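Notes follow the structure.
Bear in mind these aren't lab numbers, they're just calculated from the coordinates by the rules spelled out. Nothing here was measured: the structure is a model prediction, and the numbers come from that model. Backbone-built Cβ (ideal geometry, glycine too); neighbour counts: all protein chains shown.
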Amino acid sequence: MKEVRLHGRGGQGTGKASEIIVYAAVQENMYATAVPYFGFERSGAPVSAFVRIDDDVIWPKTQVYNPDCVVVLDPTVRRAVPLFEGVKDGACLVINCDEQLVAELDLPEEIADVGWVDATKISLDELGRNVPNTTMLGAFARVAGWLGWEQLARRSADIFGEPNYTAVKRGYEEVQILNHRIRR
């Protein structure tokens with residue numbers, strides 16, 4: 001089973017991103033579940049969502065405590081929540097930021113691959129507002145490699161409109177990937 005923990009802020013589409021991952025996994029003949037966690041339900045407050053993907057039936061319906069992948073829609077949330085708590089050895093990080101911030105992150109040794117993309121810029125370019133969730137779905141697809149970006153893009157366009165297809169595609173194409181273990 002693959003487990004994903006997504007972190008963002010209210011209004012960025014973190015919960016909806018988890019639902020789109022589940023939809024895409026089911027379309028690719030896998031089982032998947034999503035569990036959102038909103039805490040304080042207000043715009044700008046830290047939000048988390050949890051996803052499980054497997055080839056078999058998934059029974060746990062709880063938060064993800066030991067993720068294989070951490071997706072960060074807003075880099076400022078790292079000051080509010082413990083992003084790397086419980087990450088599995090070999091986990092990947094997908095973060096909305098630039099290369100300079102990646103260099104400044106205190107990454108645990110369990111993180112194997114780091115993917116970063118300026119999802120804020122892409123969402124402003126494509127959607128006209130800072131809603132990085134669909135761009136981050138494309139980056140997630142490429143870094144984790146568990147799902148194809150096309151299913152994520154189609155579902156994003158169905159829910160949010162056609163420009164989101166391009167946002168997912170750009171996230172997939174523009175994400176930069178660093179093997180953290182080689183860098184150390």
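Some points to look at:
- Contact order, relative form, for the chain: 20 percent (alpha carbon pairs under 8 Å, 6 or more residues apart, mean separation divided by residue count).
- Using the average count of surrounding beta-carbon atoms within 10 Å as a protection proxy, the listed peptides 112-119, 62-69, 98-105, 131-138 rank, highest first, as 131-138, 112-119, 62-69, 98-105.
- Karplus-based coupling profile of segment 24-36, in residue order and whole Hz: 4, 5, 5, 5, 9, 6, 10, 9, 7, 9, 10, 10, x, with θ = phi - 60° in 6.51 cos²θ - 1.76 cosθ + 1.60 and x standing for Gly or Pro.
- Three-way shape call for segment 1-102 based on the alpha-carbon gyration tensor, with the a/c threshold at 1.5: prolate
- Beta bridges per DSSP with both ends in segment 2-183, % antiparallel, nearest 5: 60 percent
- Under a model in which nothing but the beta-carbon of Lys, Arg (+1) and Asp, Glu (-1) is charged, segment 2-183 shows a dipole of about 420 debye around its Cα centre.
- Computed label-point distance, nm, for sites residue 61 and residue 121 using a 7 Å Cα→Cβ extension: 4.3 nm
- Charge tally in the Cβ shell below 12 Å around residue 96, where Lys, Arg are +1 and Asp, Glu are -1, residue 96 excluded: -1
- When segment 2-183 is described by a simple charge dipole with +1 on each Lys and Arg Cβ and -1 on each Asp and Glu Cβ, the residue from 108, 76, 59 located farthest towards its positive end is 76.
- For segment 80-176, trypsin sites (Lys or Arg not before Pro) meeting the loop criterion (DSSP other than H, G, I, E, B) and having at most 12 other Cβ atoms within 10 Å: 129.
- Shape category assigned to segment 2-183 from the gyration tensor of Cα positions, a/c cut at 1.5: rounded
- Potential lengthening of the chain between residue 159 and residue 80 amounts to 25.5 nm, from the contour at 0.36 nm per residue minus the alpha-carbon distance.
- A crude spin-label estimate for the pair residue 27 and residue 130, with each label 7 Å from Cα along the Cβ direction, gives 2.9 nm.
- When +1 charges are put on Lys and Arg Cβ atoms and -1 charges on Asp and Glu Cβ atoms, the dipole computed for segment 1-99 relative to its Cα centre reaches about 420 debye.
- Mean-position separation - Cα centroids, segment 40-100 and segment 145-180, in angstrom: 18 Å
- Across segment 140-156, rounded Karplus estimates of 3J(HN,Hα) from the backbone phi angles (6.51 cos²θ - 1.76 cosθ + 1.60, θ = phi - 60°) give 4, 4, 6, 6, 6, x, 8, 9, x, 5, 5, 4, 4, 5, 4, 5, 4 Hz, Gly and Pro being marked x.
- Total formal charge among the other residues, if their Cβ is under 14 angstrom from that of residue 155, Lys/Arg +1 and Asp/Glu -1: -2
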